[in-house]
Amino acid sequence: MNFQLAPIGHSFKGSMAYYLHDKRQEGDAQHPQTAERVAWTETRNLPTDGPQTAMRIMIATASQADALKAAAGIKSTGRKATAGPVFAFSLAWHPSESDALDRAEMTRAADHALKVLGLDHLQAVLVAHRDTAHPHVHVIVNRVDPNTGKTEPIRKPAVLALDKWADRYEKERGKIVSPNRAEKYDEIERKRAQHQDRQKRRDHDRQRRQDAQARPVSEKSPGAMLKELHDAQKARHRQEWKDLGRADKAARDQIYTAFGGRMKEAAALHKAECKPIWAAHFRQARDSRRAFERRERNLAGVIVNAMMATTQQKISGQLGNRGVLSATFGNALSSQARAAAFAAAEVTSRGTLQRQLKTILDRDMTDLRAQRAAALSKQRADFAATRTALIARQDGEKMKMREAWRQHYERRPAGRGRKPYWKAQEKPAPASRENPLPKKEFDRARAPTPEPRKVASAPEYVARPAPAPSPTGEAPQPPKRSLQEVPQVERQQQPPASSRPVMAKDWDAAAKPQQQEAAPPPKDWGQEKPAPAQPEMRKDWSERAFEKGRGEIKPLPARDRSRDDGPER
């Protein structure tokens, strides 16, 4: 069996027009009046069996919902239902069940479905159709309760319960036509059983912990008591940090509040002190204006006001390139210029006094802000010191707790319980694929390194590379030789030098005599010696020296024999 839920609607008339008549064809504006597809109809909780009369009764019941609530003593307050009162669903059987299916079985199934949904106490109309190969029945329900006027909701758990009932219904009839649904609910039941088992284990563990906490201290194990102490220590440490933060914030707020009050008091005091000063200023300004107006009544006063106006214009920079006499004459001729200059002088005087008084207030506020900054700096230093002390104390307590856990696990028998929390986190190092043995065994099994073979050596003179020619014209010095230990290597017998070509690497061998000992150095460095194999460069030096006017090349000075590094012969 399969079921299908229709959307909740508002019109019983439209629903009945669809279920009690044949389907509309494409292009029809209204439902047809024929009812060939309707097999039979029945009603539930209605005083009539006629579907049309039942429709009118359901419409009246839904429209009188508020009156029914009042009659039942139920308040009409609360959230109002936004969906309509019409709810419909259908039950369909497989076409292979049509021969063994009768009206009684279909009505029994519809009544069971209403009961599963929790709607069996409401008004309903059952309409069976025969226009398809699979038999099916439609159930139209009025969601408004005729006794209380309340609208019954259609919740998701009820729909799931209807699906489960359909699965049980197929199993009871002995013919499963929806195997996927059966597998789905078997999986749901399996997961539900697993969830219940896990919940039972959690409840058992919770009850065991509660029993352990309620057990007297004398009956608790050392591990349980140590765990309680550890949990209490962690909770106390967290609370200490919270208290430290709150205390620091309260201290800073207190500083800001105290200095804020002092600033307000200083501002109020400054205002009180400035009040008589401003009063005197305004009296003086009023007297000055009266004197200005009196002087405006005669020629001498006009000239005085003109001169004062010129002075004010000169101070404010309004004269420009004009002369004082010209400006005074112009001011004497213009009363507006004199009045404007007097007004500007008043504004300047008032601004000057205001700046002077504000400077006094700013100086007081600056002092208070400096004092507040010093207090905040001291508070920060105190907080840092307290924080450092708290960290040190808590670290010490944590170390003591770790030591207590370590001793506790050492006292426990071997192989009992799990590892300590600081050891459980350590993971063994993965063994190398090429070297599965431990390091010590691998080093022990490794073959010893062979010692280097000793080769016989004999002292020989080793020549150094010849120095580069000197650009100053001096003859290059012969290379210095040193006595070094040279290993003796068995050489293959070489053919005579005259019988083999001279290669680049054999130049030194061809130039040196074949004897083992080196030729002794000359005794007198001043004797003429054969020039090195660089005639072209010597020629270049001579020509360059002659061109510079040095004349002939001077002979080389005799060299001291003590500078020779070679051995004496």
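FYI, it's all coordinate maths here, none of it is from the lab. What you are looking at is a predicted structure, and each value in this text was computed from that prediction instead of being measured. Note: ideal-geometry Cβ built from the backbone for every residue, glycine included; neighbour counts use all protein chains shown.
Results, tabulated for the structure shown:
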quantity	calculated
Segment 127-175 and segment 310-324: distance between their alpha carbon centers, rounded to Å	104 Å
Three-way shape label, segment 182-248, alpha-carbon gyration tensor, a/c 1.5	oblate
Label-to-label distance, nm, for residues given as residue 213 and residue 194 (7 Å Cα→Cβ offset)	3.1 nm
Shape category assigned to segment 57-211 from the gyration tensor of Cα positions, a/c cut at 1.5	oblate
Residue 5/residue 263 FRET efficiency (R0 56 Å; Cβ-Cβ; nearest 0.05)	0.20
In order through segment 386-392: 3J(HN,Hα) via Karplus (6.51 cos²θ - 1.76 cosθ + 1.60), integer Hz, x for Gly, Pro	5, 5, 4, 5, 5, 4, 4
Förster radius 51 Å - calculated FRET efficiency between residue 186 and residue 230, Cβ distance, rounded to 0.05	0.65
Label point 7 Å beyond Cα of residue 397 along Cβ direction - residues of segment 218-251 with amide nitrogen under 13 Å	229-244
From phi via Karplus (6.51, -1.76, 1.60), per-residue ³J(HN,Hα) for segment 164-177 in Hz, x at Gly/Pro	5, 5, 4, 5, 5, 4, 5, 5, 5, 7, x, 9, 8, 9
Distant-in-sequence amide H partners of residue 43 (H built 1.01 Å from N, under 5 Å)	126
In nm, spacing of pseudo-spin labels at residue 353 and residue 18 (7 Å Cα→C-beta vector)	9.0 nm
In Hz, Karplus ³J(HN,Hα) per residue of segment 393-398 (6.51, -1.76, 1.60; θ = phi - 60°; x = Gly, Pro)	5, 5, 4, x, 5, 5
Separation of alpha-carbon centers, segment 330-373 and segment 222-261, rounded to whole Å	54 Å
Residue 101/residue 34 FRET efficiency (R0 25 Å; Cβ-Cβ; nearest 0.05)	0.50
Point-to-point label distance, residue 282-residue 154, nm (Cα→Cβ direction, 7 Å offset)	8.0 nm
Greater than 19 Å apart at Cα, pairs in 234/378; 249/378; 80/115; 75/115; 13/156; 264/378	234/378; 80/115; 75/115; 13/156; 264/378
